[in-house]
Amino acid sequence: QVQLVESGGGLVQAGGSLRLSCAASGSILGIGTMGWYRQAPGKQRELVASITTGGSTSYTDSVKGRFTIDRDNAKNTVYLQMNSLKPEDTAVYLCNADVVVATTLQNRPYWGQGTQVTVSS
């Protein structure tokens, strides 16, 4: 019913930049908070950044000042601009969105499939 599709991952050298996108589609009545998580091998999934419908943002300490999350509500899309990338940012990045499904009126979280970000030293 609802799909989240990420794009924009890849391989970049330390100090470089990437911009991730995540577009939601399907039977959507509305979307609440959207966020980006990451998971590195052998580590727990970590919330990197989130943004509310009104545009309030929050970031984990390790990315503050380097990453910026924003969204386009008209396109049901959330972005993550990642600058000054470090090798420790290497992970699979997954987007998450709280979606009100139009056909059921249920509010539940949805996940994208993930996109690999690799930062070489």
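The values are calculated or read from the model by the stated rules, or taken from the named source; none is laboratory data. The model shown is predicted, which means the values in this text are computed figures rather than measured ones. Every residue, glycine among them, receives a Cβ derived from its backbone with ideal geometry; neighbour counts consider all protein chains shown. Accessible surface is based on the protein model in full, side chains and every heavy atom, while ligands, DNA and RNA are left aside. Shrake-Rupley method; radii C 1.70, N 1.55, O 1.52, S 1.80 Å.
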Gaussian network model of the chain, Cα within-10 Å springs - most flexible of T53, T77, T103: T103
Spin-label model distance (nm) - S58 vs L29, 7 Å beyond Cα toward Cβ: 2.6 nm
10 Å Cβ shell holding at most 14 others, DSSP loop, trypsin sites (Lys or Arg not before Pro): longest site-free stretch of the chain: 65-121
Ellipsoid equivalent to segment 21-82 - semi-axes via the Cα gyration tensor, in Å: 22, 14, 10
Label-point gap, in nm, between S7 and Q81 - each point 7 angstrom along Cα→Cβ: 1.9 nm
Gaussian network model of the chain, springs between alpha carbon atoms under 10 Å - residue of Q106, Q13, Q81 with greatest fluctuation: Q106
In range of the label at R108: residues from segment 1-42 whose backbone nitrogen is under 11 Å from the point 7 Å along Cα→Cβ: 1-2
Centroid-to-centroid separation of segment 1-31 and segment 50-101 [C-alpha atoms, Å]: 9 Å
Residue-level accessible surface for S56, protein heavy atoms, 1.4 Å, Å²: 70 Å²
Share of carbon and sulfur in the accessible heavy-atom surface of the chain [1.4 Å probe, %]: 49 percent
